[in-house]
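The values are calculated or read from the model by the stated rules, or taken from the named source; none is laboratory data. The structure displayed is predicted, hence computed values, not measured ones. In this analysis, Cβ positions are derived from the backbone assuming ideal geometry, glycine residues included, and neighbour counts consider all displayed protein chains.
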Amino acid sequence: MAALDRTLKMGMVGGGPGAFIGDVHRRAALLDGGVELVAGAFASDRERSQEKGRELLLDPARVYGSLDEMIEHEQTLPAGERVDFVSIVTPNHLHFPMASALLEAGVHVVCDKPMTFDVDEARRLKVLVERSGRVFALTHNYTGYPMVKLARDLVRKGELGPVRKIVAEYPQGWLATPLERTGMKQADWRTDPARSGAAGCIGDIGTHAENLAEYITGLRITELAADLTTFVDGRRLDDDGNVLVRFEGGARGVLFASQVSVGEENGLAIRVYGERRGLRWRQETPNTLQLTSLDGPEQIWSRGNGYVGETSPAAARATRLPAGHPEAFYEAFASIYANACDTIRARILGEEPDPLALDFPTVDDGLRGMLFIETVVASARSAEKWTPMPEG
């Protein structure tokens, strides 16, 4: 494949002063080189957007007060200077209108999760992405870890045998008290149904557990039985969720997500059990993957070693440092960006991307996430034990 003879030009909407995830996206996108942040509408207030632009040393003429203004002005610039792609790092209710406007303007999109406010928007966005021919990447960043890719490839190669049991969990404790009433920005919008959507905890982090389970096993959820709870008095959305899950092919699972698990930090973890072997991975110790078997010792595979790359080229592609030098959260995000950006470069050049570069979450994964949220909420409100999850 030929190389693009310039940097990819990146824009951002959201991620202004006081935001957390916007800074993560920026650092991740720039980590591997070849990408340049050139423009942004970082806040709905023009002065706050300019404040962030000054912090990032951007040209003030390319720091905008709205996405519409950014699209209008960027389209007047020559190809190669205007933004090639824009990262959306706003609250959930803005994802769909912003992604739609960018796609219709011919701009590639990277969007934070969950993808949209509801399933209807997700279905409409899928149509827009397919019609536009533009790259749409969703930052389910945990799929960017090398050992998650190794886990996926081991399962897909049949090393575990047919999958029987999947346990995915995501406990946090940061919302065990009513932080949203203190003015904390991150807590405020995540607990607001007008901005977050129908679910709180299950939408914010439960979708990561759902995505990880389907990504590693390749099995889709077919039906589920959910129990959602709001423990903090006065909170308007769930802060704890427990879900029994049935997968295609007969596998069974348990998924729980909680933001009131006192003392937990970011405890995303998954266990997958097949007929012959099992595996375990924890986000807080992401550089190793544990493998168990019926009649042998437990194995610990360590990121960066040659045997990992020989088994999983995708894991090797997502590895930047030698064994013993930990890679973690920023690098996993960067793996999503690296693959999406390589795919964008191929589109610009009119070439087919490397198949390994297509390994990033797409609009289809986003729709699955929204269907999961909708089905969990419906199940929790229903007297029926099991609720089918639509295919999408």
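If we scan segment 5-25, do we find a residue that is buried (at least 18 other Cβ atoms within 10 Å of the Cβ), modelled with pLDDT of 95 or more, in a helix (DSSP H, G or I) and basic (K, R)? Looking for residues that are buried (at least 18 other Cβ atoms within 10 Å of the Cβ), modelled with pLDDT of 95 or more, in a helix (DSSP H, G or I) and basic (K, R), one finds none in segment 5-25, hence no. The residues of segment 133-168 that are in contact (Cβ under 8 Å) with a residue 60 or more places away in the chain and over 30 Å from C341 (Cα atoms), listed by number, are E159, L160, G161, P162, V163, R164, K165, I166, V167.
How many residues does segment 1-26 contain that are of a type outside the set (D, E) and over 18 Å from V63 (Cα atoms)?
Going through segment 1-26 one residue at a time, the tally reaches 9.
The residue that is surrounded by the fewest Cβ atoms within 10 Å (Cβ to Cβ), among those in segment 186-222 that are of a type in the set (D, E) and in contact with a helix residue (DSSP H, G or I) (Cβ under 6 Å, 6 or more places away or on another chain), is D188.
On the given criteria, is L77 on the phi > 0 side of the Ramachandran plot and at pLDDT 95 or above? Steps first, answer last, please.
Details: on the phi > 0 side of the Ramachandran plot: no; at pLDDT 95 or above: yes.
In short, no.
I want to confirm something. Restricting to segment 157-185 and keeping residues that are surrounded by 16 or more Cβ atoms within 10 Å (Cβ to Cβ) and not hydrophobic (A, V, I, L, M, F, W, C), which single residue is farthest from V308 (Cα to Cα)? The qualifying residue farthest from V308 (Cα to Cα) is E180.
Suppose the filter is surrounded by 13 or more Cβ atoms within 10 Å (Cβ to Cβ) and either touching a strand residue (DSSP E or B) at 6+ places or on another chain (Cβ under 8 Å) or in contact (Cβ under 8 Å) with a residue 60 or more places away in the chain (or both); does V262 pass it? No, not satisfied. Among the residues making up segment 56-94, those that are closer than 17 Å to H108 by Cβ, of a type outside the set (D, E) and more than 27 Å from the chain's Cα centre (by Cα) are Q75, L77, A79, G80.
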